[in-house]
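For reference, the structure is listed below as structure tokens.
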Amino acid sequence: MAKMYRFYKDYYVANNMALILSGNFDSEQIKPYIQKAFGKLKSGKAPESPDYPIRTFKGRELVKVRITPIKAGFMGYKLVPETHPDRPALDVIGEMMSNYNQTGFIDQMALNNEVIYAGASQNFLQDDGSTFIFFVPKLFGSSLRKFETRIRGDFQKIANGDFSDNYLESIKNTLYKNHKLSLEDLGDRARFMGKAFILDQSWEDMMAYPEKIAALGKADIQNVSAKYYGDNYFVMHSRTGFPRKKKLKKPPYKPIPSRTEASSEYARQFQEIPENEYTPKFINFNEDVSVSENYLFHTYNPLNDIFTLRLSIARGLESDAVLKPLADALDLSGTSKYSPQGLKKEFARLGGSYSTSCDYNSFNLKVTGLDTNLPEILELTQHLLEDFSPTDNTIDLLYNQRVTVDKVNNNDPSTGGYILYLYGLFRDQSYYRSRLSKKELKNLNPKLLKKRLNELLAPGFNSIHYAGQIKQKEIEQFFLANPFFKKNTENKYSFKESTTPEQTTIFLVNDKKAIQSYVYYIVKGEQLNYQDFYKKEAFKAYYTNSLSGLLFQEVRELRSLAYAAMGDYVDPEYEPEKSGRLVLFTGSQADKTVDAVQVVLDLIREMPVYENRISKLREGLMLSSGSTKPDFRQISTQLEIYLKTGFKEDPNESAFKHYPDLQFGDIQSFYDDSIKGKPIIVTIYGDVSQMDMERLRSLGTVVTLKMDDIMTE
């Protein structure tokens, strides 16, 4: 304690601190408050930081282990501190290794089907820096040393200048775009300011980063590559193996009861601080977003020259199991004109990138880029979709990735728990159960993927979301005048309901290696009631809201039965006549699992009433609902959901008006109507040997399953 107090006295002095604020406020107006609150803090001279020696690698330092589910290789290089003059050039080299656009030399190994997975990242700290590279060869016949040699050779190519000026410019464009995007978020801006303080740099220094990148020439990159990516490095070769894990038993003593309703003197003083008038912000259906033909959404970007575009079709996994590998194949394939990496490099040359995804009710293509290049990027996007050219190599990539992911998932209890949860939700209609088998995937014909994409695109798009600085009329010309981007009138977005058991049912998968149990609870609710939206939000705040919610307080704080406790109530978006659902989760030590399940089931069956919490709930709901408005890149997608679910205004705005008069009876009525008395689905993934099975069976009908029952091989 004496050393801790000494540390506090030495370092917690005013001139060694910074107050970081990022938000919507008048800086001049709050300065007097800052002076009043922090002006009395004493200054002092903090001790000089010790000069710790920085370890370097000498030659090739090899370590061989058995710690990964599959064979894998790792490499590391020593770099420089964050403020070092070579940092910008190293960032360029980092992107030339691996990047989001998949145009790096390590990405190329994956796209060429030479490895199953590979990637790299750089990390720059105040005193040191490093590069981390990983590669997962094909499961049979591939040498780790081979890829190590290949990667070293690629660094040598950079040092030799074996890359084009166009490629270098595309990398610099990407770094510019990433920097601008990172400044859009309030939290990221606050971190930038905090970093400037820690690194003893000005805000202007931090914002000069794009200019430093733009000033780099080819020779700069060559010199820095030769300097840091030479013969001194670390390498680890890992064969298949599983390190021993120590299982901890439940302590023999009972937890100290928490005073959940008590407040400290400090908390009471904090609550008594007067607040300025609060102006909530909600989505304005008529002003925030412009909608053309009920499917083209335009949002103005007030911050920078980077656009985002989302093209969506209302068909997903529920309609066709081939659509998921199709979405993956679009990321891995080229066209008749471009190879897979050549296509990605062409996007990157224009400052653009793309990604595809498929969920239960939609197939999506997301594109980002520079507004000045939007016409060319749109032309390239259309070319990708119209001239999509998957090959046998694409199928091999899909198959190899599937084999590897399944092998990793089979040894990851958290993923196993999630797969079981999806099975509990949708049974045989769950993604992992209804997906193509490995055999079907391996035998998939590239021509079938091409045919499916053509069929998918033929009716058009259900929604197109653009956020950028190009005016609406011009955007309408790009899309409405082009038949390829026509409106889809055949398909509609849907909501997938959970299954309905006749009685409380517990689905159980045993994993003797699992130290923690992953438990989900599902209760099928009722149809969406527009007038009771505020009641539902109040119930969520009372029942599932993070640290102060009933679930967290009763299960973790009061009884210490779970590491994690969280939940949500899911509305039936797009189809309000369907039923929503309550979803809860607890993560417990294996021998506490049944105790936790018992408590949660009791909470669901009979919700405890703490009416003295209602005043804090009112305050919290008014603050949270008034800050639900998404940022400009997400606002149009949320607006579309509201419109197509039948809302005439932002439901958070109407709910905000109810909160000042909220009564506990409002929470109780939503619980009584939507939750109470209904059968519950429980899914448990964990070590059954640590559970009291007789007691578990008393809580509901137990159905024991294996991974093969919930996941198609």
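Some notes on this structure:
- Taking the charge dipole of region 626-690 about its Cα centre, with +1 at Lys and Arg Cβ atoms and -1 at Asp and Glu Cβ atoms, the residue from 638, 690, 659 reaching farthest to the positive side is 638.
- Only helices enter the 222 nm calculation for the chain: every DSSP H run of n ≥ 4 contributes -39,500 (n - 2.57), and dividing by all residues gives -12000 deg cm²/dmol, rounded to 500.
- Here's the picture: charge each Lys and Arg Cβ at +1 and each Asp and Glu Cβ at -1 in the chain, and of 380, 65, 462 the one pushed furthest to the positive end of that dipole is 65.
- Nonpolar atom fraction for region 541-692, defined as the carbon and sulfur part of the 1.4 Å probe accessible area, stands at 50 percent.
- The stretch between residue 114 and residue 606 holds 171.5 nm of extra length on full extension. This uses 0.36 nm per residue minus the Cα-Cα distance.
- A simple spin-label model places the labels of residue 454 and residue 265 7.9 nm from each other, with each point 7 Å out along Cα-to-Cβ.
- With the cut-off at under 13 Å, measuring from each backbone N in region 1-37 to a point 7 Å along the Cα-to-Cβ line of residue 303 picks out 23-24.
- Computed on region 71-111, the Cα convex hull volume stands at 88 Å³ per residue.
- Relative packing of 297-306, 431-440, which averages over residues the other C-beta atoms within 10 Å, highest first: 297-306, 431-440
- The alpha-carbon atoms of region 555-690 define a convex hull whose volume equals 154 cubic angstrom per residue.
- Fraction of the pair-distance distribution of the chain above 49 Å, Cα-Cα pairs, percent: 22 percent
- Mean shadow area of region 348-408, taken as a quarter of the surface of its Cα convex hull (nm²): 5.9 nm²
- Three-way shape call for region 66-166 based on the alpha-carbon gyration tensor, with the a/c threshold at 1.5: oblate
- Accessible surface of region 1-150 [probe 1.4 Å, protein heavy atoms]: carbon and sulfur percent: 56 percent
- Cα-based shape type of region 4-77, given that a ≥ b ≥ c are square roots of the gyration tensor eigenvalues and the cut on a/c is 1.5: prolate
- Heavy-atom accessible area order for 693, 96, largest first, 1.4 Å probe: 693, 96
- Accessible surface, the chain, averaged per residue in Å² (probe 1.4 Å): 51 Å²
- Residue 209 accessible area, assembled protein chains, probe 1.4 Å, Å²: 40 Å²
- Over all directions, the projected convex hull of the C-alpha atoms in region 118-244 averages 11.3 nm² in area.
- Placing 212, 473 in order of accessible area, with the largest value first and a 1.4 Å probe, yields 473, 212.
- Based on the Kirkwood approach, the hydrodynamic radius assigned to region 23-125 is 19.2 Å, with every pair of different Cα atoms included.
- Percent of beta bridges antiparallel (DSSP, the chain, rounded to nearest 5): 75 percent
- Mean projected area (nm²) of the alpha-carbon convex hull when region 502-594 is viewed from all directions: 7.3 nm²
- Listed residue (295, 338, 369) projecting farthest to the positive dipole end of region 284-370, Cβ model: 338
- List 366, 58, ordered by accessible area with a 1.4 Å probe, largest first: 58, 366
The values are calculated or read from the model by the stated rules, or taken from the named source; none is laboratory data. Worth saying up front: this structure is predicted, and the values here are computed from it rather than measured. Note that each Cβ is placed from the backbone with ideal geometry, even for glycine, and that neighbours are counted across all protein chains shown. SASA here: full protein model, heavy atoms, side chains in, ligands and nucleic acids out. Shrake-Rupley method; radii C 1.70, N 1.55, O 1.52, S 1.80 Å.
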